[in-house]
Amino acid sequence: MLTSSFQILTNNPLVAESFSERFHVKFFDDANDRDVLRNVRDLVHLGYRVLTAPLSGSVKPWETPYRSVMMTSDHGDEVDAFSLDIMERALAVIEKSKDRPWTYTPSVLYDFQVIDLSLIESALPSVEATGRL
Amino acid sequence: MKLELGYIDIKGIRFGDHNAVEDHVLVVNPEELLEPVLADPLIKTAHFEIANPGESIRITPVKDVIEPRVKVEGPGGIFPGVISKVHTVGSGKTHVLRGMAVVTAGPIVGFQEGIIDMTGVGAEYTPFSKLHNLVLVMEAVEGTGQHEYEKAARMAGLTTAVAIGELARDLTPDESVVYETPTIAEGYQEPLSNLPRVGYVMMLQSQGLLHDTYVYGVDAKRTISTLIGATELMDGAIISGNCVSACDKNTTYHHLNNPVIRDLLEAHGKTLNFVGVIITNENVYLADKIRSSDWTAKLAKFLSLDGAIVSQEGFGNPDTDLIMNCTKLENNGVKTVIITDEYAGADGKSQPLADADDLADAVVTAGNANEMIVLPPMERVIGTLNFVNKIAGGHDGSLREDGSIETELQAIMGSTNELGFNRLSAR
């Protein structure tokens, strides 16, 4: 069944709300973007593969507080080198990026959530067309 | 394919009681021209403002910049599959209103970005400061979703540009240039057969809301890498639905006036044989990236390319596609030059891209988007400054009390454009 073939790790409440009933979503409430990516990276070390780009769009890491990443829900015996490489590179970008010293209004935060949701949603037709992930 | 572009130089814009191009001046009747825009139930208010080069004006937040054109001979119409019927364009004759643009402005989301200063230091960083701009400022009906409003604003800009382009249908161009591309078979005949076969790989942003590009009306994220004629772009085959990365996104104006294509056509038959254009997307799903870059390399091999130029669009995610395209081309024996920009920190010392490879050994950079700049206050603001503190590159306190803005280059429209459509260079 499709819903068992992938999982989404996110700190975006809108992704959790929109997808939780259909897919397996790990929602990290109050976690920052780095925490989400570190959790993804840790799962890569356990043999899970990354299915979507961790730097999902062109919204800058020092702008958006949200990250959502799609991964396989089953893990293999070996670490997937491609997944590990892309996660380490993404983490390097996020970690070098400057801090976000300002706070957003709720409406701006919501806009960031909508964009992040749209980015991860854009992968769905592709994942749905794929037989075995 | 053979396309003649007839350039009609526009030297000013003024409001009047009719719509026309008179003595190189665009006369706009706002009421008439806004009618189709305001017919969209999602658009609450819309009005035009005029911004000329050298005036103390700041336009922000800018969504798209569009050059008005009209097809006067040959099949199809401008912006096929979106405004005109979907017939293949790129041949015949097209009139261009050169020296002006329709600029759409107004926030789609709360962190909207994109500044065009018409004078001062900021104006040097954006090519659009040298144009007479008819700015379409819009506001959506309250409660309109971001997706719906992005589409409404996109269509409003294109519709307005096409209506203005139509005014140039019967005019005599100030200059005409013919662009012609050969078939594959012609490319193997003298004198082209003696020249290196060079292709252009154009990457299109395609990741979702505010990151989208359309090819003949098809959402680029749902495409696989394919071939397109160089002159098709000049008739609006590719349009921008992209509102993020003001500095390095391709506006519709960029697509219409792609400088890589123009330079390759200029060099064609002299120093190289410009074989064709491959367009390829930049998706979120990693398997899509692998497939699209595989297809890019496959098409390049199919075309027997000796060399390729790859241009990127955007930041972060597409760095992966860029390096995949580059390495796969190189591994297929195609010598590759990439055009990108850098996010190397304010001091320029950090790793500039999110991906890298030894095979990416020929790089043209369009500049460091993290470089800080102070934009002086302007007498007039078209749009709103409410969002300046939230634009990419801005930070809390970006907007100073005197109206000046301390920000990174990335807030400026087209400042580090990865087609090389920039005003400043190290040349």
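The values are calculated or read from the model by the stated rules, or taken from the named source; none is laboratory data. All values derive from a computational prediction rather than experimental measurement. All Cβ positions, even for glycine, are placed from backbone atoms using ideal geometry, and neighbour counts span all protein chains on display.
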Where a residue in the range B:242-259 is within 14 Å of chain A (Cβ to nearest Cβ) and its partner, wherever it lies, is part of a helix (DSSP H, G or I), with Cβ under 7 Å and at least six apart: B:Cys243/B:Glu150; B:Ala246/B:Gln410; B:Ala246/B:Ala411; B:Cys247/B:Leu409; B:Cys247/B:Gln410
A:Val44 being more than 10 Å from chain B (Cβ to nearest Cβ) and surrounded by 19 or more Cβ atoms within 10 Å (Cβ to Cβ): yes
So B:Ile164, is it at pLDDT below 95, farther than 19 Å from B:Glu418 by Cα and away from every other protein chain (no Cβ under 14 Å): no
Evaluation of A:Leu55 against (1) facing chain B (nearest Cβ under 7 Å); (2) among the aliphatic types (A, V, I, L, M); (3) in contact with a Leu (Cβ under 8 Å, 6 or more places away or on another chain) (one fails), failing number: (3)
Qualifying residue in the range A:25-39 (condition: touching a residue at least 40 places away in the same chain (Cβ under 8 Å), more than 10 Å from every other protein chain (Cβ to nearest Cβ), under 24 Å from B:Ala287 (Cβ atoms) and not acidic (Asp, Glu)): yes
Extreme residue, surrounded by the fewest Cβ atoms within 10 Å (Cβ to Cβ), among residues of the range A:91-131 that are touching a residue at least 12 places away in the same chain (Cβ under 8 Å) and not in a helix (DSSP H, G or I): A:Asp99
Verdict on B:Ala153 being farther than 30 Å from B:Ser425 by Cα and in contact with a Ser or Thr (Cβ under 7 Å, 6 or more places away or on another chain): yes
Selection from the range B:5-24 of residues that are of a type in the set (A, V, I, L, M, F, W, C) and crowded, with 16+ Cβ neighbours inside 10 Å: B:Leu5, B:Ile8, B:Ile10, B:Ile13, B:Val21
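Out of the residues in the range B:107-139 meeting the condition of being within 14 Å of chain A (Cβ to nearest Cβ) and in contact with an Asp or Glu (Cβ under 8 Å, 6 or more places away or on another chain), tell me which one is nearest to A:Ile115 (Cα to Cα).
Applying the filter and picking the extreme gives B:Val109.
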Scan of the range B:218-230 for residues that are more than 12 Å from every other protein chain (Cβ to nearest Cβ) and either among the hydrophobic types (A, V, I, L, M, F, W, C) or within 15 Å of the chain's Cα centre (by Cα) (or both), ordered by number: B:Val218, B:Leu227, B:Ile228, B:Ala230
Looking only at the range B:333-357, and only at residues there that are under 26 Å from B:Phe302 (Cβ atoms) and touching a strand residue (DSSP E or B) at 6+ places or on another chain (Cβ under 8 Å), the one that is farthest from the other protein chains (Cβ to nearest Cβ): B:Lys335
Residues located in the range A:82-92, provided they are aliphatic (A, V, I, L, M) and more than 15 Å from the chain's Cα centre (by Cα): A:Ala92
Residues of the range B:196-217 that turn out to be out of contact with any Lys or Arg (no Cβ under 8 Å at 6 or more places or on another chain) and more than 7 Å from every other protein chain (Cβ to nearest Cβ), as a count: 14
Which listed residue, of B:Leu171, B:Leu204, is within 21 Å of B:Ile278 (Cα to Cα) and either more than 19 Å from the chain's Cα centre (by Cα) or in contact (Cβ under 8 Å) with a residue 24 or more places away in the chain (or both): B:Leu204
Any hit, the range A:65-86, residues being surrounded by 15 or more Cβ atoms within 10 Å (Cβ to Cβ), part of a loop (DSSP other than H, G, I, E, B) and at the interface with chain B (Cβ under 8 Å from one of its Cβ atoms): no
Tally, over the range B:44-76, of residues that are under 27 Å from B:Val109 (Cα atoms), among the β-branched types (Val, Ile, Thr) and buried (at least 23 other Cβ atoms within 10 Å of the Cβ): 6
Residue in the range B:386-404 that is part of a loop (DSSP other than H, G, I, E, B), surrounded by 20 or more Cβ atoms within 10 Å (Cβ to Cβ), at pLDDT 90 or above and touching a strand residue (DSSP E or B) at 6+ places or on another chain (Cβ under 9 Å) present: no
Check on B:Leu299, farther than 24 Å from B:Arg423 by Cα, surrounded by fewer than 19 Cβ atoms within 10 Å (Cβ to Cβ) and among the hydrophobic types (A, V, I, L, M, F, W, C): no
Qualifying residue in the range B:332-347 (condition: acidic (Asp, Glu) and assigned to a helix (DSSP H, G or I)): no
Count of the range A:50-64 residues which are of a type outside the set (Val, Ile, Thr) and more than 12 Å from the chain's Cα centre (by Cα): 5
For B:Val89: the one exception among (1) of a type in the set (Val, Ile, Thr); (2) within 30 Å of B:Val381 (Cβ to Cβ); (3) part of a loop (DSSP other than H, G, I, E, B): (2)
From B:Val284, B:Val275, residue being among the hydrophobic types (A, V, I, L, M, F, W, C), in contact with a Ser or Thr (Cβ under 6 Å, 6 or more places away or on another chain) and touching a residue at least 60 places away in the same chain (Cβ under 8 Å): B:Val284
Subset of the range B:262-286 [more than 14 Å from every other protein chain (Cβ to nearest Cβ) and over 18 Å from the mean Cα position of the chain (by Cα)]: B:Leu265, B:Glu266, B:Ala267, B:His268, B:Gly269, B:Lys270, B:Thr271, B:Leu272, B:Asn273, B:Phe274, B:Val275, B:Gly276
